[in-house]
1. Give the residues of the range 46-76 that are surrounded by fewer than 20 Cβ atoms within 10 Å (Cβ to Cβ), within 15 Å of ALA128 (Cα to Cα) and among the aliphatic types (A, V, I, L, M), sorted by residue number.
2. In the range 79-92, is there at least one residue being crowded, with 18+ Cβ neighbours inside 10 Å and within 21 Å of ASN111 (Cα to Cα)?
3. Considering the range 1-50 alone, what residues qualify as being among the basic types (Lys, Arg) and closer than 18 Å to GLN95 by Cβ?
4. Output the number of residues of the range 13-43 satisfying the condition of being among the hydrophobic types (A, V, I, L, M, F, W, C), open to solvent by 30 Å² or more (accessible area, probe 1.4 Å) and part of a helix (DSSP H, G or I).
5. Give me the pairs, please: first residue somewhere in the range 82-98 and free of Cβ contacts under 8 Å to residues at least 24 places away in the same chain and farther than 13 Å from VAL45 by Cβ, second residue anywhere and open to solvent by less than 60 Å² (accessible area, probe 1.4 Å) and outside any strand (DSSP E or B), beta-carbon distance under 8 Å, and either six or more positions apart or on two chains.
6. Looking at the range 101-159 only, could you name the residues that are of a type in the set (Phe, Trp, Tyr) and either free of Cβ contacts under 8 Å to residues at least 60 places away in the same chain or open to solvent by 30 Å² or more (accessible area, probe 1.4 Å) (or both)?
Amino acid sequence: MAILNIVKEGDEVLRKICRPVEAITPRILQLLDDMLETLHDANGVGLAAPQVGVLRRIALVEVVDGQLYELINPEIIEREGKQNELEGCLSVPEQWGITDRPMKVTVRAMNRNGETYTVTGTGLLARAFCHEIDHLDGVLFKDNAVHMLTPEEIKENIG
Ligand code: ZN
C-alpha cells in the first residue's frame, strides 16, 4: 500500500468528469487499497479517485471507523429530506461551508468483488455520499455551498 498525494483545488483534475470502471482489475484493487491508506493518513471521512489524480468513478466513504463503503460507479438513486450542515474537503484545505444536502440518500454501487449493492445513509453519511459522488463529476462542495465560513466564523466553529 502507499499513501497517495491529495491534489488541491486549482488542479484541473478535480474539474473533470470521471470514467466508469469497466472491470475490477488488480490495478483498481491496488487503487482502492492505496486510497484507504491515504484517507486514514489524512483523517478524512471520504476520498474520491480524482482527488488522487485518477479519473475513475471510485470513491471511499468511512464516516465510522471500520465501516468502509467502497463505491465503484456509484449512483444516487433516492433522495429524501434536507440538511444544511458544515462541510469541508481534503482538496480544499482550511475552508468550510454550509451545504444544501438531502437528509437521506440511497446509493447503488459496485464493491471490489464486482457485486452491485445499495446502501442508505442519513445525516453525515448521506452528506459524505453526496460529496464524494459530486467529485466524480468535477463538483466541489464550495460550488453549491449556501454559505462559506469567514475567517472569523472558522475561528469560532473550527478553532
Ligand atoms: Zn472532497
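1. VAL63, VAL64, LEU68, ILE76
2. Among the residues of the range 79-92, not one is crowded, with 18+ Cβ neighbours inside 10 Å and within 21 Å of ASN111 (Cα to Cα), which makes the answer no.
3. Within the range 1-50, LYS8, ARG15 meet the criteria.
4. The number of residues fulfilling the criteria is 2.
5. Taking only residues 6 or more apart or on different chains, the pairs are LYS82/PRO102.
6. Looking only at the range 101-159, we keep the residues that are of a type in the set (Phe, Trp, Tyr), and these are 117, 129, 141.
Those that are of a type in the set (Phe, Trp, Tyr) and either free of Cβ contacts under 8 Å to residues at least 60 places away in the same chain or open to solvent by 30 Å² or more (accessible area, probe 1.4 Å) (or both): TYR117, PHE141.
The values are calculated or read from the model by the stated rules, or taken from the named source; none is laboratory data. Note that this is a predicted model, so its numbers are computed, not measured. Don't worry about glycine lacking a Cβ; one is built from the backbone with ideal geometry, like all the others, and counts go over all protein chains shown. Heads up: the accessible areas ignore ligands, DNA and RNA and are worked out on the full protein's heavy atoms, side chains in. Shrake-Rupley method; radii C 1.70, N 1.55, O 1.52, S 1.80 Å.
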